[in-house]
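What follows draws every value from the coordinates through simple rules; no lab data is involved. All values derive from a computational prediction rather than experimental measurement. Methodologically, a virtual Cβ is constructed for each residue, glycine included, from the backbone with ideal geometry; neighbour enumeration extends over all protein chains shown.
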């Protein structure tokens, strides 16, 4: 059965509703998601204030948040399918968490490289050490 038939005549609207519910669930139940949203917001504000380009920061923020959502889905599904301690289930959860960690590490590096120089320049001007 196609997604359109399964969702009925208002398939796109219902799909967006399900996606919104997923975001709401993540925000309500996933502390790391809220932390990552806050870090992304701070990075965005630093871009605005320092004049750094937004695009790399937005892309990396979206990647980290998207992987965090996938990680949360993997964890929930693994817990549903295998409620007992199982090495394979633990490996699946650990691998999904590792994907978030790798993306967050690269995001930090991108943030330092993109925001760092204009931020240092702006701060040095405010502190009287630059042009």
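Values of log10 I(q)/I(0) for the range 49-131 across q = 0.20, 0.21, 0.23, 0.27 Å⁻¹ run -0.86, -0.90, -0.99, -1.14, by the Debye formula with one identical scatterer at each alpha carbon and no solvent. Using C-alpha pairs under 8 Å with a sequence gap of at least 6, the mean separation divided by the residue count of the chain gives a relative contact order of 26 percent. Taking only alpha carbon atoms, the range 1-95 gives an Rg to Rh ratio of 1.09, where Rh is the Kirkwood radius. The angle separating the long axis of helix 55-81 from the principal Cα axis of greatest extent in the chain is about 30 degrees. Would you calculate the volume per residue, in Å³, of the smallest convex hull containing every Cα atom of the range 82-128? In the range 82-128, the Cα hull volume divided by residue count equals 80 Å³.
Residue ranges 111-124, 17-30 sort as 111-124, 17-30 when ordered by packing (mean number of other C-beta atoms within 10 Å per residue, highest first). On the basis of the beta-carbon distance and an R0 of 41 Å, residue 79 and residue 58 show a calculated FRET efficiency of 0.80. Considering only alpha-carbon pairs that sit under 8 angstrom and 6 or more positions apart, the relative contact order computed for the range 58-112 is 55 percent.
Report the calculated FRET efficiency for residue 91 and residue 31 (r = Cβ-Cβ distance, R0 = 30 Å), to the nearest 0.05. The value I calculate is 0.85. The alpha carbon centroids of the range 16-56 and the range 83-108 are separated by 20 Å. Rounded to the nearest 10 degrees, the angle from helix 31-50 to the longest Cα principal axis of the chain is 30 degrees. Rounded to the nearest 10 degrees, the angle from helix 11-29 to the longest Cα principal axis of the chain is 70 degrees.
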